[in-house]
Ligand SMILES: *Cc1c(COP(=O)(O)O)cnc(C)c1O
């Protein structure tokens, strides 16, 4: 049996006709840059994520970058984030000559440790040269970071919050009296439409969402080289536009997103239950992802990735590969140990939780169209691997 990490062909087969029709409309209109399809998607995404405004942009990375540009981040400003994320979260900080300041993660959620975050900010606030301008919490693998304490400390010190929800569109976070959507809690939130995300386009694309009208106007302007009106440049922006063709595809796919996320969640529950039954968890061979903010809302973890901790991870991965099961390591090297960030002066041992995670995590197939036979095959092969020991 063949179980790929992700099977986009299976998804496409079900919505082919609708997609082709939507693409054809764009082809007939010959309007490829921004335009009505992009505006429609912006409205849909704003509604979906419970925000007032949405701005379609060229990628998740550019959504991060343009947010920081709208915050008017200056060289030397410090921006706090996690070292256990996709590169671009910190890459955009460095590209503006600002300084990425890393904080270790929580070992269960893999998201930034809010206690350590608070401690660092309180410590730095005693210094007269307080330069922290922004926090970028990442909602990794489909689960929100612990936003309540993050927002509290950010408000206290007047720090921007940029939610990196590239992997978490539709995820929810429970406050004491209300539940909020990923992307709607910070000053801005960003989504990526990279094909492997839960809402994936047919190429690159991204979105910024915000409730702040001023930021909305600025980001819209920055998206077109900072011009308003055309050829009158108030700020130095870039070409951060989203293609109409991508928007057309995404408008169709968005209708199915909740259903797909629900199936991912069901797959995750299935794995959790079966791994437990097979004694793989009790014996300490693997640890499964456990939702942390339990039952306060239906939809909080949307499982862009189902990431286990595995004993002898690399050998297990090799064994699964030999048996035609696709897996991936998100992420093998935490950002503070990447060559390009050597100049920041971090060293091995600075963030032990992230470093340990990078050695033991393994993401398994979790996509919505996965059959029970395929899941059973994955479980069977993992069992077989540890039994041989
Ligand atoms: C995918 C991803 C991005 C970047 O999105 P692109 O659309 O690929 O530029 C940023 N942050 C995280 C956490 C991601 O997973």
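Some values worked out for this structure:
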| item | result |
| --- | --- |
| Computed E for residue 256/residue 39 - FRET, C-beta separation, R0 30 angstrom, nearest 0.05 | 0.90 |
| Highest-MSF residue in the chain out of 368, 75, 229 [GNM, Cα springs under 10 Å] | 229 |
| Förster radius 22 Å - calculated FRET efficiency between residue 123 and residue 235 (Cβ-Cβ, nearest 0.05) | 0.05 |
| Burial order of peptide ranges 243-249, 222-228, 323-329 (average beta-carbon count within 10 Å, highest first) | 243-249, 222-228, 323-329 |
| Extension gain, residue 340 back to residue 21 (0.36 nm per residue minus Cα-Cα distance, nm) | 110.4 nm |
| Antiparallel bridges, percent of DSSP beta bridges restricted to the chain (to nearest 5) | 60 percent |
| Sorted peptide list for 23-33, 175-185, criterion being average Cβ within 10 angstrom, highest first | 175-185, 23-33 |
| Highest-fluctuation residue, 304, 127, 251 considered, GNM on the chain with Cα pairs under 10 Å | 127 |
| Label-point gap, in nm, between residue 348 and residue 52 - each point 7 angstrom along Cα→Cβ | 5.1 nm |
| Computed lengthening from residue 1 to residue 95, 0.36 nm per intervening residue step minus Cα-Cα distance | 29.4 nm |
| Value at 222 nm in deg cm²/dmol, rounded to 500, when DSSP H runs of n ≥ 4 in the chain each add -39,500 (n - 2.57) | -12500 deg cm²/dmol |
| Extension gain (nm, one decimal) between residue 359 and residue 156, 0.36 nm per residue minus Cα-Cα | 69.5 nm |
| Gyration tensor (alpha-carbon) shape descriptor, region 8-104, a/c threshold 1.5 | prolate |
| Pair residue 178, residue 388: separation of 7 Å Cα→Cβ label points (nm) | 5.4 nm |
| Estimated distance in nm for a label pair at residue 371 and residue 315, the labels positioned 7 Å out from Cα along Cα-to-Cβ | 3.2 nm |
| Cα gyration tensor, the chain - rounded (a/c under 1.5), prolate or oblate | oblate |
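Throughout, read-outs are computed from the coordinates displayed, never taken from laboratory work. Just so it is clear, the model here is predicted, and its values are computed rather than measured. Please note: Cβ atoms are built from the backbone with ideal geometry, for glycine as well, and neighbour counts cover all protein chains shown.
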